[in-house]
1. Go through region 88-109 and report how many residues are within 20 Å of G53 (Cβ to Cβ) and either exposed (fewer than 13 other Cβ atoms within 10 Å of the Cβ) or among the small types (G, A, S) (or both).
2. Can you run down the residue pairs with Cβ atoms below 6 Å, 6 or more apart or on separate chains, where the first is in region 44-61 and more than 15 Å from V13 (Cβ to Cβ) and at pLDDT 55 or above and the partner is in a loop (DSSP other than H, G, I, E, B) and small (G, A, S)?
3. Residue check: is R85 without any contact (Cβ under 8 Å) to a residue 24 or more places away in the chain and in a helix (DSSP H, G or I)?
4. Condition check: assigned to a strand (DSSP E or B), at pLDDT below 90 and among the small types (G, A, S). Does A109 satisfy that?
Amino acid sequence: MTRRPPSPRDLAVLIEAWWTLLWLDWRIRRQPYHKWRPLLDSRLDNRIESEAGRAGQRLIRLAEIAARHHLRPMNCLRRTLAEKRLLERRGIACHVHIGVNREKNSGLAAHAWLSDRHGDVLNDSSDVIERYYELMPDNWAGAGFSDSD
C-alpha cells in the first residue's frame, strides 16, 4: 500500500507543529517554571466557540506525527502544550489536564492530556481519566515537571 504525500495544508501544519514543539521544548528546558507556567492555563471562555471535531482531531494527529519525527524526544507535556497552542490558534477550545498514577515498580508517573469544553479527551484514549488522578490547576503553582512521561 502506497502512502500519498501530505497535502500542502497538512505539510504546513506539520511544519508549524514541529517548530511549536521546538519552541516549547526550549522554554521548558531553559526557562524557570514560573515563566512558562501560563502556557498551562486554558481559555474556555466565551470568545472561543469552536469544538474540535474532525479538524481538531486531524490537527492533533499531525502534531503527533511531528512529535515522533522531532530532533528531541517530546513527552506528553510538550505534545499537549503544542497541540493546545495549535488548537487555540484556530479558535478551538481545549483544557490542559495533568494527572498522576502510582505505578508498581517505578513510583509515581505523571501524564498530560487535553479535553474539550465537554470533558471529552482530545489527544489520548478516553480511559486516561480512570488511569490518572487529576491534579487541580490551583495546585500547579509549586509543581515541578521532569522530562519524562
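The values are calculated or read from the model by the stated rules, or taken from the named source; none is laboratory data. Just so you know, these numbers come straight off a predicted model, no measurement behind them. Note that we place each Cβ from the backbone using ideal geometry, even for glycine, and neighbour counts take in every protein chain shown.
1. Counting residues in region 88-109 that are within 20 Å of G53 (Cβ to Cβ) and either exposed (fewer than 13 other Cβ atoms within 10 Å of the Cβ) or among the small types (G, A, S) (or both) gives 3.
2. L44/A93; S50/G91
3. no
4. yes
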